[in-house]
Amino acid sequence: GSVPSRKYQGFWYPEGFLPGAMAIQQRFKARPDDLFLVSFPKSGTTWLKALVFATMTRKQYPLARHPLLSLNPHDCVAYIEERFAIGQASKVEALPSPRILSTHMPYSLLQDSVAGSGCRIIYIARDPKDALVSFWHFTQKSSPKLNKIPFTEAFEAFCEGKFPFGPIWDHLLGWWRESLKRPEKVLFLKYEGLLEEPVANVKRLAEFVGCPFSEEEEEGGMVEEIVRLCSMESMKSLEVNKVRKHGPIYQFANSSFFRKGVKGDWRNHMSPEMARRLDVIIEEKLQGSGLTGWSSQA
Ligand code: A3P
């Protein structure tokens, strides 16, 4: 792959993140009122962070002067494996409750940290083909630390599961199964669902985190306003999301988290045969789980 990676307990980790992942597995304990935002990379993490943060803080700030207008969504939550990897575990532990934390960790690795804690988890999933394309573009824009590889090479690695936080199918399955077991604690969202029905999904997540919209708010268009504030168009045009840097381990410009924001961009990078090949792998791996909907022939 394009990121130097190491395999640990069935998953591939970018070199710099494995120490954090292991530290979390060994000693991180979630609090009952923690909220986790979980994803496989490039599945809509930034968008989810913005939507959740805007929804949860809507009573504190008028949306016209919301902190998201001057703060990158990644700076609104603590990305735990990164914090742990750079020696800032104590800062995460010192955060006041309720904390909003984010992670790309697979369920199996985070299990002991969250099991029995009662914390809530929102997982965002995306068509693996689009997540791959998005990741490939993302690495093209990174610091010189990552070697830029041709798309076909990234595709092969992805199909083998050798990809940061991959294999994607095991990542999806771990969290999907947990959401079936404990729907009141684990909400499983799809990027495509957010694109198609943003208002309904923001209402869903508001209810899930325990701050549902009142009738008055709904009638006043509050949900639509949050959707607009967090939209690609709005986020991409903000100065903060154009200039500032993000990430102490790998350096990416904030702007690299906002590219196209559509479904099906894989069509511009994969032949129908490649798409079908990846579809078959995903379908096989997810078979019987009930998780479907990303076939290229749909
Ligand atoms: P594309 O590269 O396909 O455009 P992550 O946040 O998990 O790193 O994922 C990044 C992907 O989400 C990118 O996909 C990016 O453009 C898209 N994205 C970021 N903000 C978004 C928003 N507000 N609405 C829709 N998509 C968004």
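The helices (runs of 4 or more DSSP H) located wholly in the range 119-194 that include 1 or more residues which are within 16 Å of Thr45 (Cα to Cα) occupy 128-140, 168-181. When the range 208-237 is filtered for residues that are of a type in the set (D, E, K, R) and within 30 Å of Ser255 (Cβ to Cβ), the ones remaining, listed by number, are Glu224, Glu225, Arg228, Glu233, Lys236.
Evaluated against (1) touching a residue at least 24 places away in the same chain (Cβ under 8 Å); (2) within 13 Å of the ligand (Cβ to nearest atom), Ser237 falls short on exactly one condition, (1). When the residues of the range 187-209 are filtered to those that are away from the ligand (no atom under 16 Å from the Cβ) and touching a residue at least 40 places away in the same chain (Cβ under 8 Å), the one that is nearest to Ile122 (Cα to Cα) is Leu187. So is Ser70 under 18 Å from the mean Cα position of the chain (by Cα), more than 21 Å from Phe208 (Cα to Cα) and surrounded by fewer than 21 Cβ atoms within 10 Å (Cβ to Cβ) or not? No: the conditions fail for Ser70.
Residues that are out of contact with any Ser or Thr (no Cβ under 7 Å at 6 or more places or on another chain), hydrophobic (A, V, I, L, M, F, W, C) and buried (at least 21 other Cβ atoms within 10 Å of the Cβ) within the range 81-118 comprise Phe84, Ala85, Leu101, Met105, Leu109, Val114, listed in sequence order. For the range 197-227, a tally of residues being touching a strand residue (DSSP E or B) at 6+ places or on another chain (Cβ under 9 Å) and at negative phi returns 5. Can you confirm whether Arg276 is out of contact with any Gly (no Cβ under 8 Å at 6 or more places or on another chain), within 16 Å of the ligand (Cβ to nearest atom) and either of a type in the set (A, V, I, L, M) or free of Cβ contacts under 8 Å to residues at least 24 places away in the same chain (or both)? No; evaluated as a whole, the condition is false for this residue. Counting only helices (runs of 4 or more DSSP H) that sit wholly inside the range 30-101, those with at least 2 residues that are more than 19 Å from Ala115 (Cα to Cα) and away from the ligand (no atom under 16 Å from the Cβ) are 80-85, 89-94.
Results for (1) at pLDDT below 95; (2) of a type in the set (A, V, I, L, M); (3) touching a Phe, Trp or Tyr at 6+ places or on another chain (Cβ under 8 Å), shown as yes or no for each residue.
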{"residue": "Val202", "(1), (2), (3)": "no, yes, no"}
{"residue": "Val223", "(1), (2), (3)": "no, yes, yes"}
{"residue": "Ala253", "(1), (2), (3)": "yes, yes, no"}
{"residue": "Gly264", "(1), (2), (3)": "no, no, no"}
{"residue": "Met274", "(1), (2), (3)": "no, yes, yes"}
{"residue": "Ile282", "(1), (2), (3)": "no, yes, yes"}
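The values are calculated or read from the model by the stated rules, or taken from the named source; none is laboratory data. All values derive from a computational prediction rather than experimental measurement. We place every Cβ from the backbone using ideal geometry, glycine too, and count neighbours over all the protein chains shown.
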